[in-house]
1. Scanning for something loosely packed, with under 12 Cβ neighbours inside 10 Å and not polar (S, T, N, Q), does the range 72-88 turn up at least one residue?
2. Considering only residues of the range 94-107 that are free of Cβ contacts under 8 Å to residues at least 40 places away in the same chain and either among the hydrophobic types (A, V, I, L, M, F, W, C) or touching a strand residue (DSSP E or B) at 6+ places or on another chain (Cβ under 9 Å) (or both), which is surrounded by the fewest Cβ atoms within 10 Å (Cβ to Cβ)?
3. For the range 31-44, give me each residue that is farther than 18 Å from P100 by Cα and either exposed (fewer than 10 other Cβ atoms within 10 Å of the Cβ) or in contact with an Asp or Glu (Cβ under 9 Å, 6 or more places away or on another chain) (or both).
4. When you check G17 against the structure, is it surrounded by fewer than 17 Cβ atoms within 10 Å (Cβ to Cβ), of a type in the set (G, A, S) and on the phi < 0 side of the Ramachandran plot, yes or no?
Amino acid sequence: MNPSTTQTLLVAANGLGTLVSAGSCIAGMVRPGLILPRGTAVNGGTRLYAHAYGARAIPLAAVTLALLATGDRSAAAPVLAIAGLAQIGDSAIGVRQRNPGMAVCAGLLAVLHLASAWWFHAR
């Protein structure tokens, strides 16, 4: 596969992953119980966590999407690395909360973002 095709695929995959992540964040802000194990009650702390999470995730998603849209590989690499590290944290939270969807999805996005950051940096 030539580098231009690879870059296009990585931009599309990371853009889609970023949109999924941001959408999940917004869904969690609207319905904070989505992040909790089944049967756990939503309280003020849950709502605080969901909104604090959104305060980080939404701006990071916006910056990531903007850089992917502009095609600036040199700026995209460090932002994707940060996004990947954030997804590692999200995956760990998913494991701790016994939320397999969050754990697996965030883990896969971490791999995608970090591998893409490496690819963009190397080129």
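Bear in mind these aren't lab numbers, they're just calculated from the coordinates by the rules spelled out. These figures come from a predicted structure and were not determined experimentally. As a convention, Cβ positions derive from the backbone with ideal geometry for all residues, glycine included, and neighbour counts pool all protein chains shown.
1. No, the range 72-88 contains no residue that is loosely packed, with under 12 Cβ neighbours inside 10 Å and not polar (S, T, N, Q).
2. It comes out as V104.
3. Going residue by residue through the range 31-44, those that are farther than 18 Å from P100 by Cα are 41-44.
Within the range 31-44, A41, G44 meet the criteria.
4. The answer is no for G17.
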